[in-house]
Amino acid sequence: MATSDKDMLVQFLLRMGDNSLILGHRVSEWCGHAPVLEEDIALANTALDLIGQTQFWLGYAAEVMDGDKTADDVAFLRDVWNFRNILLVELPNGDFGQTLMRQFLFDAYQSILLPRLSKSSDPRVAEIAEKASKECAYHVERSADTVVGLGDGTEESHARMQAALDRLWPYVGEMFASDDIDAAMAAAGIAPDPASLRSEYDALVGKVMAEATLTIPQSDFAHKGGRSGKTHTEHLGHLLTQMQWLQRAYPGASW
Amino acid sequence: MAATRLSGGVVVTDGQRPTEGGGEAPSRRGGRGLPGVPPGETLRPSTDTIWTWLDAVPDPEIPVISLTDLGIIRDVAYEGDTLIVTVTPTYSGCPATSIINLDIETALRGHGIEQLELRRQLSPAWTTDWMTQSGRDKLEAYGIAPPQPAGGPEKCPHCGSQAVEKMSQFGSTPCKAQWRCTACLEPFDYFKCI
């Protein structure tokens, strides 16, 4: 594999792994704080699946990089500017409704992307996606149900879910903003061009929002910069100070 | 068999990269021959014997079923003198995975296996279809409703009533969901079908 191809693959794997890692961390912040015990357990389990998937993606990224890095090195020893997650997943949780809305917007994307990745020309990508896809199918079922339950719920829950959708919708577009890395992955048959997933995504999200009696904002303005690493929100740095605290305070510490 | 300290950590690889197993345990001779192995011959238990030993290793979180009942042992084979045990995870982030590997190693080393390598295999992804019938029966007898293709428990594992309802899609471990029986009013775990 030529160096540039390798770099491209690493960037793709970081995008996959960082999305799972940062969202997994965000969702885990609910542990002990969710409105009822069942939701607390559900969020912790969702976070656990995401962190597990992260180990596979970042573990593979570490292998492709030169040297003998591990998934832990990649997760805990990089600073903000080296993260490649979309901005959506680094946003603070907000209320429970906003957390579940974000989860659905992300799960919906993954539920379309992962089955395609399970046919990747790269066998490692394919097997990780095949595994993650089964977990994602379970997540999207639950997050969609919850969005419908709260959206088409009480006046209060409806208003909160509409506010969550209005707040988060400008972060959806970044998932489909293709660049040269995506083009290289598509050309190599490793991953689909994200732009090609948009219509299927809009159909799925449109169906669920209609059922939830929620209105998707008209504007297609999109905040970008996370996937490319150009600009993260201020929130990612704060998240990392917690997530990476142990390795920063005690470099090289192991369990 | 608590607290067997293992000589040489087991090597867990990703399948493609065979690595040497930790094989520094003292050589075995004298009267500790393995079943079915004539004295003086190389002590190499058959893979059928290994499977029997693995049948006795319980799942660390649901000890009523074994690892083979769970269907996560995908292969047992020799490469040269090294025994390769291929294991697939149930859920990506299941914290029991590393304990499962440790338990496999402890059990096999306890039976005298010295050259051992555990390999992680992700594909094909684990499915509850691989759970044995005896595993399903044991789960139910233990109070956990076994997985059903319909996506929910067939009946309450306590009283047998079909009047059951879901409390949460998730439960006490990644592989379970919480349900409740509306006849006997008892909550119970349901083993998720994936």
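Observations on the structure shown:
- Neighbour net charge for B:Ser66 - beta-carbon separation under 9 angstrom, K R +1, D E -1: -2
- Compared with the alpha-carbon gap, the fully stretched path from A:Asp95 to A:Trp245 is longer by 51.5 nm at 0.36 nm per residue.
- Label-point separation, A:Ala177 to A:Asp7 (7 Å along Cα→Cβ), nm: 2.1
- Translational diffusion coefficient (Stokes-Einstein; Kirkwood radius from C-alpha pairs) of the protein assembly as shown at 37 °C, 0.692 mPa s, in µm²/s: 138
- Quick note on the stretch A:3-249: its Rg to Rh ratio, both from C-alpha atoms and Rh being the Kirkwood radius, is 0.95.
- Protection proxy ranking, highest mean first, for peptides A:163-176, A:188-201: A:163-176, A:188-201, where packing is the per-residue count of other beta-carbon atoms within 10 Å, averaged.
- Considering only B:Tyr91, A:Ser219, B:Ala183, the residue lying farthest towards the positive end of the dipole of the protein assembly as shown is B:Tyr91, judged by Cα position with unit charges set on Cβ.
- Peptides B:103-115, A:27-39 ordered by average Cβ neighbours within 10 Å, highest first: B:103-115, A:27-39
- Positive minus negative residues near A:Ser120 (Lys, Arg vs Asp, Glu; Cβ under 12 Å): 0
- Tail beyond 11 Å, pair distance distribution of the stretch A:162-206 (Cα, percent): 69
- Positive end of the dipole of the stretch A:30-112 (Cβ unit charges, origin at the Cα centre): among A:Gly94, A:Ile51, A:Ala71, the Cα lying farthest that way belongs to A:Gly94.
- Chain A: relative contact order in percent, alpha carbon pairs under 8 Å with at least 6 residues between: 23
- The phi torsions of the stretch A:157-169, fed into the Karplus equation with coefficients 6.51, -1.76 and 1.60 and a -60° offset, translate into couplings of 5, 4, 4, 5, 5, 5, 4, 5, 5, 4, 6, 8, 4 Hz, rounded to whole numbers, with Gly and Pro shown as x.
- Separation of alpha-carbon centers, the stretch A:62-100 and the stretch B:120-164, rounded to whole Å: 35
- Among the GluC sites (Glu not before Pro) in the stretch B:138-194, those located in a DSSP loop and surrounded by at most 15 other Cβ atoms within 10 Å of their own Cβ are B:Glu154.
- Shielding of B:172-184 by partner chains, average beta-carbon count, 10 Å: 2
- Net +/- balance of residues flanking A:Ala75 in space, Cβ distance below 13 Å, scoring K and R +1, D and E -1: 0
- Shielding of A:41-52 by partner chains, average beta-carbon count, 10 Å: 5
- Set of lysines near B:Lys166 by C-alpha distance (under 16 Å), chain-local residues within fewer than 8 positions excluded: B:Lys155, B:Lys176, B:Lys192
- Applying 1/(1 + (r/R0)^6) with R0 = 41 Å to the Cβ-Cβ distance of B:Glu186 and A:His238 gives a FRET efficiency near 0.40.
- Counting, for every residue in B:94-105, the Cβ atoms of other protein chains within 10 Å of its Cβ and taking the mean gives 1.
- FRET efficiency estimate (nearest 0.05) - Cβ-Cβ, B:His158 to B:Thr132, R0 22 angstrom: 0.45
- FRET E, pair A:Glu211, A:Arg78, Förster distance 41 Å, beta-carbon r, rounded to 0.05: 0.55
Coordinate-derived values only; no laboratory data. Keep in mind it's a predicted model, so treat the numbers as computed, not measured. Cβ: placed from backbone, ideal geometry, glycine included. Neighbour counts: every protein chain shown.
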